[in-house]
Every structure is written in C-alpha cells, then in structure tokens.
1. For a label point 7 Å from the Cα of THR77 along Cα→C-beta, name the residues of region 97-122 whose backbone N is under 11 Å from it.
2. Name the GluC sites (Glu not before Pro) in region 6-108 that are in a loop by DSSP and that have at most 14 other C-beta atoms within 10 Å, would you?
3. Amide H of LEU72 versus every other amide H placed in the peptide plane: which residues, excluding those fewer than 5 positions away on the same chain, fall under 5 Å?
4. Of all trypsin sites (Lys or Arg not before Pro) in region 1-89, which ones are in loop regions per DSSP and have a Cβ with at most 10 other Cβ atoms within 10 Å?
5. How much FRET efficiency would the formula 1/(1 + (r/R0)^6) give for GLU25 and ASN55, where r is the Cβ-Cβ distance and R0 is 22 Å, rounded to 0.05?
6. At 222 nm, what value in deg cm²/dmol follows for the chain if DSSP H runs of at least 4 each add -39500 (n - 2.57) and the sum is divided by all its residues, to the nearest 500?
7. Using a 7 Å offset from Cα along Cα-Cβ at GLN35, what residues in region 103-133 end up with backbone N under 18 Å from the label point?
8. Report the normalised scattering of the chain as log10 I(q)/I(0) at q = 0.13, 0.14, 0.15 Å⁻¹, calculated by the Debye formula with identical scatterers on the alpha carbons.
Amino acid sequence: MAGKGFQMGLTDTDICIDAARGKFEAFEFLEGQQQLGQILISVISAMELVQGCKNKAELLIVRRFLGEVVILDISPTISRRALQLMEEFSLSHGLRIPDALIAATALECNLVLYTLNVRHFQMIKGLKIIRPY
C-alpha cells in the first residue's frame, strides 16, 4: 500500500478516533502514513485523545498509540499563527482554538492536513486539506 498516493502530513484527531473505534479506512490510512516514515499529530490532537478517555484502560490504549507517533509541539510561531487565524475566522466561520492550533501547526510545518472535518478548515488560505477516506 505504501501511502496509497498520499504524502506524509499532519493527521487530525478525528482520524485517530476512527482508528480507535476500529474503522478499517482509518487503520489503512495510518498504516500508509507509517510506511511513508511516520504518523504526525499535533500535541492538541494528543490532548484531545487523552481527554476522550473514559477510563484507565482507554488511557493505556491512547498512551500506547501516542508512543508510536510523532507529536508536534506548539512553538511561538505556531501560537502566533493560530492567534491570527482566530482573529480572522472565529467570528465569521466559528473557528475554535484546537482547530486553529492544528491548522497553524500544518501551515508552519508546511504539511498537508488530513482530516474528515474539511469544513472546519476550508476557509484558511494556503492550508492544503485532504479528506483521506
């Protein structure tokens, strides 16, 4: 499969959640990213995955997953870019802080953003968004 036509990019939280729920397409996509070199997620996605845990068993599964991916931290430039995105799109498009930080990470790291929630990001110029399945 080796990426199935995709390049390495930033994977949004929703795809990770689908994989945790056993959705085959999410597993296939993540496997392709791994074959390209590594699965990249924002630290925001890591926090969202932890927040979604209902018990210690689920937290253990999330920790195991997070140990197998590269977590991109928020830098000062990412923070400033996210603030600019919030100023530009929070009122007009309802952009929320986690999505602004994830989008800013993709922009600042020059990565395509893989997400199932294209509409959350489509107004951001310069952000390449792909719905992988």
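Rule-based calculations on the coordinates, nothing more; no lab input. Predicted model, so just to flag it, every value in this text is computed and none were measured. All Cβ positions, even for glycine, are placed from backbone atoms using ideal geometry, and neighbour counts span all protein chains on display.
1. Those under the cut-off are 107-110.
2. Details: sites: GLU25, GLU28, GLU31, GLU48, GLU58, GLU68, GLU87, GLU88, GLU108; in loops: GLU68.
Sparse-neighbourhood loop GluC sites (Glu not before Pro): GLU68.
3. Answer set, sorted by chain and number: ILE41, SER42, VAL43.
4. Values: sites: LYS4, ARG21, LYS23, LYS54, LYS56, ARG63, ARG64, ARG80, ARG81; in loops: LYS4, ARG21, LYS23, LYS54.
Here the sparse-neighbourhood loop sites are ARG21, LYS54.
5. Working: r = 26 Å, r/R0 = 1.20.
FRET efficiency, GLU25 to ASN55: 0.25.
6. Details: 6 runs with 71 residues, N = 133.
The helix-only estimate for the chain comes to -16500 deg cm²/dmol at 222 nm.
7. Label zone hits: 132-133.
8. Once normalised to I(0) and log-transformed, intensities are -0.52, -0.60, -0.69.
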